[in-house]
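Here the structure comes first, spelled out in C-alpha cells, and everything after it is commentary.
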Amino acid sequence: MDDWSRRNLLRATAGAAVGAAVAVPMVALSGSANAAEPSEPPEFPGLSGDAGGSGIGPVMFCVHDAQRGEVSILHGTDEVIVTDRRLVTRILQAAGSRLS
Amino acid sequence: MSSHREAPEISKDPVADNTDTYAFVSPDRPDTVTIISNYIPLEDPAGGPNFFEFGDDVLYRINIDNTGDGRADIVYEFRFKTTVRNPNTFLYNTGPIDSLASANFNRPQTYTLTEVRGGRVKELGRKLPTPPCNIGPRSTPNYADLANAAINTVGDRIAVFAGQRLDGFYVDLGSVFDLAVLRPFQNLHAIPSPAAPGVNALRAFNVHTIAIQVPITQLTRNSYRPSDVMDARSVIGVWASAHRQKGHYRDENREQWTGPFTQVSRLANPLFNEVVVPMSQKDRWNRLAPCQDSQFAKYVAQPELARLLPALYPGVFPKLAALKADRADLLAILLTGIPKGRIPGFQNYTGKTQADLLRLNVAVPPSPSPHINGILAGDLAGFPNGRRVFDNVVAIELRAVAGATYPLVDPTFVPDGASGVLTDLTDGPNPPDTVSYLKTFPYLDHPASGYRVVPLSLSA
C-alpha cells in the first residue's frame, strides 16, 4: 500500500468517535483533521475537491470485505484496492466496530 | 419507451439516463455517419426555473466497435461544465438570450469532446457551446439561430452538437404499458375496450441530445471506404453509454465525486433493456459492456413478450403461441447482426460475439424514399440497419417479436396475419404528424418551447 494513502487513512480515522455502528461506509477524506472533527466542518472546498489546499483532491475509501481486509481507495479517477487487515482493523476501531 | 426510464436505478438519475441512440448514414452527407444519443427522459418544456441540462458530473460516451468483438475501438467522450454568470439571481436568463454569448444567459454549459482511438487520446474541442433550453419567445427569440450557432466542426470534418431537442421517438406509451394494449386493437385484448386511435405520449416532450457526424472512413476498420455491402468491414457497431465516478460524498457543505468512472447506463438497440431484460437484471445490464451480453441471450431467444401476446390477445397469435423454438431471428437482429443470405443484398453481421449493438452497414446508401418500418418494408437503410431518427422501432420490434421475422431463419414458418399489421400510432411510410424532424444535422427538431406547449389533458 502506498505510504500516502495508508497514512491519510489512519490519520483520518484516528480521532473518530467510538460508536455502536457495525457497517463500514465509504468515507470522504478532505483532510485528516476535518474528517476527524465533524463538529467543525471545513471550509467548502468546491467540487474540485482540493482538500484544504493539499492538492491531492478528495480521497475516499470503502471497506467492501472487512474479513478479507480489503479496502478500495478512490482518488482522482483511479481506484486502488489493497488488502491490509491491520488497516481495516484500525478503520473498524475508529468506526466503533471490530472484526468478529 | 425506447429506453426512457427503462431500469429502476437509472430512472432516478435522468441526466445519465440514455433514452435513445441512433446511427445512420447521413442523408445529406452520405460520406458520413451521424450518431445521436439522447438523455433526460420526458423533459417538460416548461420545467423552469431550473431548466434541463447535461450532468457536469457525468461522462457521456459514444462507442464504436469496428472489429466485431463487442468492445469499443473508437470512443467519443463528452464532459460538460456549467457556469453561473450571475449568482445573485434565481433566473435562468435575466433578459432575452439573443446569442450564445449573451450576458442574459445565466447558466451556459460548455463541453469538451475527446476522441479515444486505439488507446490514443485526442482532444477534439474544448469550451464548445450548448444552446439554452427553449423557454419562450421573450427569453429565447430566434431559437433556431441560437441552436444552429451551437453546431461546431472539430477535428477532421467532424460536426458536433449538444443541447436540447424535441424527442423524435414516438410511442403510444400509456397504452403499451396498460397490459400491452395496442390501440386501435384494444377490442381484441383479453380485457377489451372500444377501438380508439393511439396517442403519442411523447409529443412535445424534449430531451438532451449529443450528436456527432463523422466521416465514414474515420469509423470503419482500417479506414475502409465502403463499396461492398457484403464486405464485413462495411459494418460498424454503435452504442452510447453514461458513466459516473464510483465515489460520491455529500454533506451540508459539499458534494464530491472521485475515483474511476463506472458505467450507469448504455443503449444500442431500442427496447432491449426495457422489454427483453427482466426487472431483476436491468440495473446490472446497464453496468455491463456489450461484450458481456451472451448471458442475456436466453431472454432474446425466449422473449417474455412473445409469450404475452398470445395470452393477451386470445386467438390472434396461434402460430406464435405454437412457436417454441429459440428465436434465432431475434438473436441475429439484436445480438450478432443479420448474416449474408437471409435478406437479398444485405448483411450487418459482426461475428459470433453476442453483443447488443446498433449494427450499421455503412455501404448501404441513404434511401431516397425512406419507410419508417425500415428493413421490414424493404428499406435497407432503416432499422435494424442502424437506426434513423424517424424509424418506427416499436412497430418493427413488435412485429419481429410476434414472429414476422422468423421466416428469415425458418422459411417454412408462416407468421400469424396479425404480426404483419401490428402498428404503433401509424402504419404508413411516414412518421405520425405529432413529431417533426430536421433534414440536416442534427436531424432532431428544435425543442418545444415552454411558453407554447399546451399541457396534456385527461380523458376518460
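All of the numbers you see were taken from the coordinates with simple rules; none came from a lab. The structure presented is a predicted model; accordingly, all values stated were derived computationally and were not measured. Note that each Cβ is placed from the backbone with ideal geometry, even for glycine, and that neighbours are counted across all protein chains shown.
Worth a mention:
- Put simply, when A:73-85, B:41-53, B:439-451, B:208-220 are sorted by average Cβ atoms within 10 angstrom per residue, most first, you get B:208-220, B:439-451, B:41-53, A:73-85.
- Overall, the ratio between the Cα radius of gyration of the range B:174-275 and 2.2 N^0.38 Å, rounded to two decimals, is 1.75.
- Here the label points at B:Thr217 and B:Arg120, each 7 Å from Cα along the C-beta direction, are separated by 1.6 nm in the simple model.
- Legend: Rg and Dmax of the range B:208-265, from Cα coordinates, 19.2, 60 Å.
- Paramagnetic reach from B:Thr440 in the range B:136-172 [backbone N under 20 Å; point 7 Å along Cα→Cβ]: B:142-166
- The packing ranking of peptides B:232-244, B:255-267, highest mean first, is B:232-244, B:255-267, where packing means the average number of other beta carbon atoms within 10 angstrom of each residue.
- The Rg/Rh ratio of chain B, with both radii computed over alpha carbons and Rh defined as the Kirkwood radius, is 0.96.
- Distance (nanometres) between label positions extended 7 Å along Cα→Cβ at B:Asp31 and B:Ser11: 4.6 nm
- Per-residue [θ]222 nm for chain B (sum of -39500 (n - 2.57) over DSSP H runs n ≥ 4, rounded to 500): -2500 deg cm²/dmol
- The alpha carbons of the range B:326-391 occupy a box of 33, 22, 21 Å along the principal axes, longest dimension given first.
- Each residue, A:Thr77 and B:Ala322, gets one label point 7 Å from its Cα in the Cβ direction; the gap between the two is 5.7 nm.
- Averaged over the residues of A:56-68, the number of partner chain Cβ atoms lying within 10 Å of the residue Cβ comes to 2.
- Virtual paramagnetic centre 7 Å along Cα→Cβ of B:Arg287, amide N under 20 Å, in the range B:238-252: B:240-250
- For the peptides B:348-361, B:381-394, B:407-420, B:117-130, residues were scored by their other Cβ atoms within 10 Å and the scores averaged per peptide; the highest-first order is B:381-394, B:348-361, B:407-420, B:117-130.
- Segment B:Val454-B:Leu179, length gained on full extension (0.36 nm per residue, minus Cα span): 96.2 nm
- Kirkwood Rh in Å, taken over all unlike Cα pairs in the protein assembly as shown: 25.5 Å
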